[in-house]
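Input: one structure, supplied below.
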């Protein structure tokens, strides 16, 4: 993509975040379509399986995904219908629902690992480890700033 030099870096970066997010979702949706999985369902699966040691509550997943409880619930229900996820009542509080990946889903994603690794290599081709690390730090700072802005508005 052409870099528009007349646009200041901050504004350019802000706009590019949306472009990258939209294109990532479009490419991943297209790639995952034959598997009957959407990008958002894939993302929920990654979060549930990789970020929590025990099955998380819907609210915990929503917080990590920066989305609503209702959005996560809808995604989780669709994944449950496909056999990828189990929605189970919390043992100590039946009002809370925990999300647990099925064994079949874990096996499914393991078989997808080589394709996932190849896709990640292609997405980050030409980006040096130091650049990627700095990019991650920058995005983390932006998320922290946005979280503060959201909290200030409550």
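Quick one: order 84, 69, 6 by neighbouring beta-carbon count within 10 Å, fewest to most.
Least to most surrounded, the residues fall as 6, 69, 84.
Rounded, prolate or oblate: which fits segment 50-111, taking a ≥ b ≥ c as square roots of the Cα gyration tensor eigenvalues, rounded meaning a/c under 1.5, else prolate when a/b beats b/c?
It comes out prolate by the Cα gyration axes.
With Cα extents along the principal axes in Å defined as stated, name the option among (i) 44, 37, 30; (ii) 54, 37, 32; (iii) 56, 42, 25 computed from the structure displayed.
Matching entry in (i) 44, 37, 30; (ii) 54, 37, 32; (iii) 56, 42, 25: (iii).
Calculated from DSSP H runs of 4 or more alone, at -39500 (n - 2.57) each and per residue, what is the 222 nm mean residue ellipticity of the chain, nearest 500?
One gets -21500 deg cm²/dmol as the mean residue ellipticity at 222 nm.
Every number in this text was worked out from the coordinates using simple rules, so none of it is lab data. From a predicted model like this one, the values you see are computed outputs, not experimental measurements. Virtual Cβ from ideal backbone geometry, glycine too; neighbours counted across all protein chains shown.
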